[in-house]
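Okay, structure first, notes after.
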Amino acid sequence: MRYPKLREIKEAVRSLFTKPYTTSFPQGKFTPFAGFRGKPVVDEDNCVGCETCANVCPPNAITFEDSKETAIRTTIRDYGQCIYCGQCEEHCITRKGVKLSDEIYDLSCFDIQEVIEKQERELIICANCEAIITTKDHMRYIHEKLGPLAYSSTLNLNILNERLKLAGTGDTSVEVVDELKRKDSFNILCPNCNRQVQVKNLG
Ligand code: SF4
Ligand code: SF4
């Protein structure tokens, strides 16, 4: 038979009189320590739907679905898969789109849908080839960052014209009826189609 060592007996006796190292959560309240990483919380006013966070999320807890029919991007955040690494907060392009909370840390539930969040953003779609360019909020954010430099891009200029209603009715995203022509340089086109128009204009 193996007898406990003196050190082990001392530790056992001491533990009878010291406070437990673990918390009594969920019976007792848990007080997060400084820098605690809890559930990521999206700030709807500062998230532009750029999807950078989806690209850096290690377990793919953030995914997105683009619909050309409705011109809507749906971002799906499944916190059941989140590992609280903080990469989404670290790489958020606006620096304010998502932040890890130190108040929300208990996500246990019986229905997985309760920990899935969805956000919707309007898309910008090429009037010629229907390629998805990005979200309107993302483009607005870029315009604000660039300031007057945004006017150096034809795409940006057309989107700004549409927004400020400077061009005709203000709706420049009309359909391209036949093949790309010079007049289509006023349409909202993806970089590839825009290049085709510019090459024609030079020819
Ligand atoms: S990186 Fe930031 S702004 Fe872009 S989708 Fe994620 S939370 Fe929103
Ligand atoms: S904290 Fe990490 S795992 Fe969780 S959503 Fe953000 S990037 Fe993904």
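The values are calculated or read from the model by the stated rules, or taken from the named source; none is laboratory data. What you see is a predicted model; the values in this text were computed from it and never measured. Here the Cβ is made from the backbone with ideal geometry for all residues, glycine too, and neighbour counts use every protein chain on show. Ligands, DNA and RNA are stripped out before the accessible areas are found, and what is left, the full protein with its side chains, is counted by its heavy atoms. Shrake-Rupley method; radii C 1.70, N 1.55, O 1.52, S 1.80 Å.
General observations
- In the stretch 1-79, chymotrypsin sites (Phe, Trp or Tyr not before Pro) in a DSSP loop with at most 16 other beta-carbon atoms within 10 Å: 21, 30, 33, 36
- For residue 108, solvent-accessible area (1.4 Å; no DNA, RNA or ligand), Å²: 100
- Taken per residue, the accessible surface of the chain reaches 68 Å², heavy atoms only and a 1.4 Å probe.
- Rounded to the nearest 10 square angstrom, residue 85 shows an accessible area of 40 square angstrom against a 1.4 Å probe.
- Debye, to nearest 20: dipole size of the chain, +1 on Lys, Arg Cβ, -1 on Asp, Glu Cβ: 1080
- Per-residue surface analysis assigns residue 77 an accessible area of about 10 Å², computed on protein heavy atoms at 1.4 Å probe radius.
- For the set 6, 180, 146, solvent exposure ranked by accessible area (probe 1.4 Å, protein chains only) runs largest to smallest as 6, 146, 180.
- Rg(Cα)/(2.2 N^0.38 Å) for the chain, N = residue count: 1.60
- For residue 124, distant residues with modelled amide H under 5 Å away: 133, 134, 135, 136
- For the chain, the list of Cys residues with no other Cys C-beta under 4.7 Å reads 47, 50, 57, 82, 85, 92, 109, 129, 193.
- On full extension, the segment bounded by residue 117 and residue 69 gains 15.1 nm, given 0.36 nm per residue less the C-alpha separation.
- Largest first, the residues 138, 91, 143 sort by 1.4 Å accessible area into 91, 138, 143.
- Ranking 25, 193, 64 by Cα position along the charge dipole of the chain, where only Lys, Arg, Asp and Glu carry charges on their C-beta atoms, puts 25 farthest toward the positive end.
- Values of log10 I(q)/I(0), in the order q = 0.13, 0.21 Å⁻¹, for the stretch 32-125 under a Debye, Cα-only, solvent-free model: -0.44, -1.08
- Extended-chain gain in nm, criterion 0.36 nm per residue less alpha-carbon gap, residue 106 and residue 10: 30.9 nm
- Among the GluC sites (Glu not before Pro) in the stretch 8-79, those placed in a DSSP loop whose Cβ has at most 15 other Cβ atoms within 10 Å are 44, 69.
- Only DSSP H runs of four or more residues enter the estimate; each adds -39500 (n - 2.57), and after division by the residues of the chain the mean residue ellipticity at 222 nm equals -8000 deg cm²/dmol.
- Among complete DSSP H helices in the chain, none has alpha-carbon atoms stretching at least 30 Å along the helix's long axis together with a mean Kyte-Doolittle hydropathy reaching 0.5.
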